[in-house]
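K.L.:
Let me begin by handing over the structure; questions about it come next.
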Amino acid sequence: MNVLKDQSSCVLAPVMRFSVWYAVLSVLVAVVVLLSVVPTQEGNVLLQEKGILEAGDATLDDGRFYDSYRFEGQAGQAVIATVSSEEFDTYLLLLDHNDEILIENDDWIDDSNSTIGYVLPSNGRYKIFVTAFEARGQGGYEVSISNTKTDNLIVRKSKADWLNFLGMNLINGDEYLLALELFNEALAISQDSNDQYGIALANTNIGFSYSRRGIYPEALSFYEQALLIYENINDLENEGELLNNIGFIYLRLGQYSKALEFLKRSLKIAEESNNRMGQGAALNNIGLVYHALDQYSEALSSYKSVLNILEESNVIRLKIRVLNNIGGIHSLLNEYTEALNFFERAQAVSEQFDDLQAEGVIFNNIGGIYDEVEFDGYDTIKALDSYKKSLAAFEVIDDRRGRGNSLSNIGFVLETMGYPSLTIIYLKQAVNIFEKIRIDNRVLEQGLQESFTEEVAGSYRKLADLLLQQDRILEAQRVLDLLKVQELDDYLGGARSEATTESGIDLLPQEIEFLNNQDSILDQAIPIATELKDLRKIPFPNRTTEQNDRIQFLEAQQSNILDQFLGFIASDDVQQLITQLSRAVTDPDQDILTELNQFPTLRDNLRDIGNAVLFYPLILDDRLELVLVTADGQPTHQTLPKPKEKGNTKN
């Protein structure tokens, strides 16, 4: 059973315009409510047969051969079914009288045979399907079904494994919170049974669900507990894959040396065991570390090694990520046409395979190409369209980091289009998301917190820049306060971070009204993205004409939403809102900013420590902004030209 592999994005540029993918293997663990039951007599054999799986047998929807066995059961009866074979990798399914799958199993513990323990929910006829894991597996086998006690360890382990399996299905459907409930239930069962492997598996899955949602401290905690168990029980395969996951977390947090340490350990285990897919996952993520360190030749070398592995096994998820990552290298080398080619190839593959997280990242990267002024096909409308699609995908799967990145990029392109006030609204939303992530990261060591802050600082700086350009000094001070919160804590004893900064930066009434009005347009994008996700789950060869037509219709609807949004932001109503906003923040008779920013609290804190002064320098590309906050009076700012860098002179 393999350990989950993360599939998340990481921003390379300070303004978050390009993101790259981290491949991670997935845990193949197995949703059904298992009912309370009564004890039964143990050991009574209900069925014991030998059979042959062969051509001519009935087939499942995916083409696998299967043999069917029936037995009568009662509510509360606990049964154990096993199938073993020396000729193929077995797979076992238990179905009720309506042919609904109750539970299934591939490998039991560490062999290729299958075992199911289950408490029957009702009286009636049940079926056991004996099949193979591989598409055309066949050969001789032995199958048996017997009674057992409801508290039998096999029954409890089967339930835990099944909950894990169902939780993974929910993860693949982006239902993270529901999956987490099942994983926690599986963990409790395994702990009660002292099943070390089950405990490790549940901890891994819980860590993965946190990782996918960008909650890294919890992810690391559960991963580390699982890793310790895998090391103790000498499970090298899962140890190697979990090392890859931990390396991914450090990669996301910008701790590249730690990331390389764990990823190289993962790669070594995969190489020693000739695990080609484990090698591919580790090499892809090692490439991403070099990618982030601007060591592009090393990154490309790693990515090309992954492509060589993929020629042996066409794993679509990993292929999507490698194509995307190679596109990211070309974009950083200013080879925009080539980059767009790889991004679009990755996006085309992802459309045939339900993966909203991949689509979110790829659309973000396509937007970054169209948003690049040096690109021959520079087009802000296409950039905005891609960023909006990226945001919709991340909204559906509740990916906080992805949402923050997309909101930032939408803000940047709106500034280019001449809407600085709207840029401020989008950057405020992004900053508030990043603040929530940073608060969750407080339990991490200081270096990890600072790495995350450095990665997202571009959004804070741009927001402060635009606010100062509009003389919205109080709001700019607030943003700088958030950006420098760790430094301020040293002087104010944590009062700033705990008392006033956790809420982020407030949206003003006019900004809230804008968002409420735009939501009537953009909210259409989420159900469209959800329906597209469900339709794309269907393999392309199996789709009906009506389903393909529906996909084309929904894609056209996505373009229509963009047209509606462009009309909205250019409307008289929005322009009036911007005018009202400008008056509200510059009118000395308005006290809205003082209330929202809790500015009196900051001044009181400064008086309490001896009429201290807070000084905020903001170094921008074209100028230096100095913001001064004292214990009395309003904050002020001064703009200075940025000194020219001194170059080397020749004698």
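K.L.:
Restricting the first residue to the range 192-220 and requiring it to be at positive phi, which pairs with a second residue that is surrounded by fewer than 21 Cβ atoms within 10 Å (Cβ to Cβ) and part of a helix (DSSP H, G or I) meet a Cβ separation below 6 Å and a spacing of at least six or different chains?
P.N.:
So the pair list comes out as 214/400; 214/437.
K.L.:
Something else now. Does residue 498 satisfy being at negative phi, at pLDDT below 50 and open to solvent by 70 Å² or more (accessible area, probe 1.4 Å)?
P.N.:
So residue 498 passes the test.
K.L.:
While we're here: Output the residue which, of all residues in the range 120-179 that are among the aromatic types (Phe, Trp, Tyr) and over 23 Å from the mean Cα position of the chain (by Cα), is farthest from residue 50 (Cα to Cα).
P.N.:
Only one residue tops the list, namely 162.
K.L.:
Name every residue in the range 84-112 that is open to solvent by 20 Å² or more (accessible area, probe 1.4 Å) and under 19 Å from residue 201 (Cα atoms), in order of residue number.
P.N.:
Answer for the range 84-112, where residues must be open to solvent by 20 Å² or more (accessible area, probe 1.4 Å) and under 19 Å from residue 201 (Cα atoms): 104, 106, 107, 108, 109, 110, 111, 112.
K.L.:
Run down 153, 166 and say which single residue is open to solvent by 70 Å² or more (accessible area, probe 1.4 Å) and within 24 Å of residue 194 (Cα to Cα).
P.N.:
153
K.L.:
Within the range 521-535, restricting attention to residues that are among the β-branched types (Val, Ile, Thr) and under 19 Å from the mean Cα position of the chain (by Cα), which residue is farthest from residue 391 (Cα to Cα)?
P.N.:
That would be 530.
K.L.:
Does residue 206 satisfy the criteria of being over 22 Å from residue 400 (Cα atoms) and not acidic (Asp, Glu)?
P.N.:
no
K.L.:
Would the range 170-187 turn up any residue that is open to solvent by less than 20 Å² (accessible area, probe 1.4 Å), under 30 Å from residue 211 (Cβ atoms), assigned to a loop (DSSP other than H, G, I, E, B) and out of contact with any strand residue (DSSP E or B) (no Cβ under 7 Å at 6 or more places or on another chain)?
P.N.:
yes
K.L.:
Name the single residue that is least open to solvent (accessible area, probe 1.4 Å) among those in the range 229-255 being under 19 Å from the mean Cα position of the chain (by Cα) and aromatic (Phe, Trp, Tyr).
P.N.:
Across the range 229-255, the extreme among qualifying residues is 248.
K.L.:
State all residues of the range 60-83 that are in a strand (DSSP E or B), buried (at least 16 other Cβ atoms within 10 Å of the Cβ) and small (Gly, Ala, Ser); if no residue qualifies, say none.
P.N.:
73, 78, 81
K.L.:
Confirm whether residue 136 is at pLDDT 85 or above, in contact with a strand residue (DSSP E or B) (Cβ under 9 Å, 6 or more places away or on another chain) and not acidic (Asp, Glu).
P.N.:
no
K.L.:
Select from the range 337-372 the residues that are crowded, with 21+ Cβ neighbours inside 10 Å and aromatic (Phe, Trp, Tyr) and list them in ascending order.
P.N.:
Correct list: 342, 343, 363, 370.
K.L.:
Every residue in the range 210-228 that is assigned to a loop (DSSP other than H, G, I, E, B) and open to solvent by 10 Å² or more (accessible area, probe 1.4 Å), please.
P.N.:
Result: 213, 215.
K.L.:
Please go through the range 256-273 and give me each residue that is surrounded by 15 or more Cβ atoms within 10 Å (Cβ to Cβ), out of contact with any Leu (no Cβ under 7 Å at 6 or more places or on another chain) and of a type outside the set (D, E, K, R), ordered by number.
P.N.:
Hits for the range 256-273 are 260, 263, 270.
K.L.:
Counting only residues that are part of a helix (DSSP H, G or I) and either of a type in the set (Val, Ile, Thr) or open to solvent by less than 30 Å² (accessible area, probe 1.4 Å) (or both), how many does the range 373-384 have?
P.N.:
First pass over the range 373-384, keeping only residues part of a helix (DSSP H, G or I): 380-384.
With the extra rule that they be either of a type in the set (Val, Ile, Thr) or open to solvent by less than 30 Å² (accessible area, probe 1.4 Å) (or both), the set shrinks to 380-381, 383-384.
Counting residues in the range 373-384 that are part of a helix (DSSP H, G or I) and either of a type in the set (Val, Ile, Thr) or open to solvent by less than 30 Å² (accessible area, probe 1.4 Å) (or both) gives 4.
K.L.:
Exactly one condition in (1) surrounded by 23 or more Cβ atoms within 10 Å (Cβ to Cβ); (2) outside any helix (DSSP H, G or I) is not met by residue 434; state its number.
P.N.:
Looking at each condition in turn, residue 434 falls short on (2).
K.L.:
Please go through the range 197-209 and give me each residue that is modelled with pLDDT of 90 or more and open to solvent by 10 Å² or more (accessible area, probe 1.4 Å), ordered by number.
P.N.:
Within the range 197-209, 199 is the sole residue that qualifies.
K.L.:
Please indicate, with yes or no, whether at least one residue in the range 274-282 is of a type in the set (D, E, K, R) and crowded, with 24+ Cβ neighbours inside 10 Å.
P.N.:
Looking for residues that are of a type in the set (D, E, K, R) and crowded, with 24+ Cβ neighbours inside 10 Å, one finds none in the range 274-282, hence no.
K.L.:
Does residue 471 count as out of contact with any Cys (no Cβ under 8 Å at 6 or more places or on another chain), open to solvent by 30 Å² or more (accessible area, probe 1.4 Å), of a type in the set (Asp, Glu) and at pLDDT below 70?
P.N.:
No; evaluated as a whole, the condition is false for this residue.
The values are calculated or read from the model by the stated rules, or taken from the named source; none is laboratory data. Keep in mind it's a predicted model, so treat the numbers as computed, not measured. So basically every Cβ, Gly included, is an ideal-geometry build from the backbone, and we count neighbours across all protein chains shown. Each accessible area value is taken on the protein alone, full model and side chains, heavy atoms only, with ligands, DNA and RNA left out. Shrake-Rupley method; radii C 1.70, N 1.55, O 1.52, S 1.80 Å.
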